[in-house]
Amino acid sequence: MPRIMKVADKKNKGLGQFVLVVLPPISNVIKAVWKTAKESKIIDFESFKQRAKATPTSAA
């Protein structure tokens with residue numbers, strides 16, 4: 001899910017380079033977790049729903 005971007009100077013030299021990790025919006029992460037839990041054969045989805053701190057509809 002996270003994307004990594006490498007930012008360098010104009011001459012593309014090692015000095016002054018940054019590596020940025022770009023995270024997706026939290027709402028996308030919550031939706032992906034719920035989708036995975038719902039489709040999983042290992043996770044008890046009813047128990048997951050009771051214990052979940054956030055729902056896909058409440059994530060903004």
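The values are calculated or read from the model by the stated rules, or taken from the named source; none is laboratory data. None of the values given here were measured: they were computed from a predicted structure. Glycine also receives a Cβ, built like all others from the backbone with ideal geometry; neighbour counts cover every protein chain displayed. We work out accessible area using only protein heavy atoms, side chains counted, and drop any ligands, DNA or RNA first. Shrake-Rupley method; radii C 1.70, N 1.55, O 1.52, S 1.80 Å.
Pairs are defined by a Cβ separation below 7 Å, a sequence spacing of at least 6 or placement on different chains, a first member in the stretch 34-60 that is modelled with pLDDT under 90, and a second member that is open to solvent by less than 40 Å² (accessible area, probe 1.4 Å) and in a helix (DSSP H, G or I); the pairs so defined are Ala54/Ile30; Pro56/Ile30; Pro56/Trp34; Ala59/Ser27; Ala59/Ile30; Ala60/Ser27.
If you go through the stretch 13-33 and pick out every residue that is modelled with pLDDT of 65 or more and among the polar types (S, T, N, Q), you end up with 2. Across the stretch 20-60, the qualifying residues are those that are of a type in the set (Lys, Arg) and in a helix (DSSP H, G or I), and the one among them that is surrounded by the fewest Cβ atoms within 10 Å (Cβ to Cβ) is Arg51.
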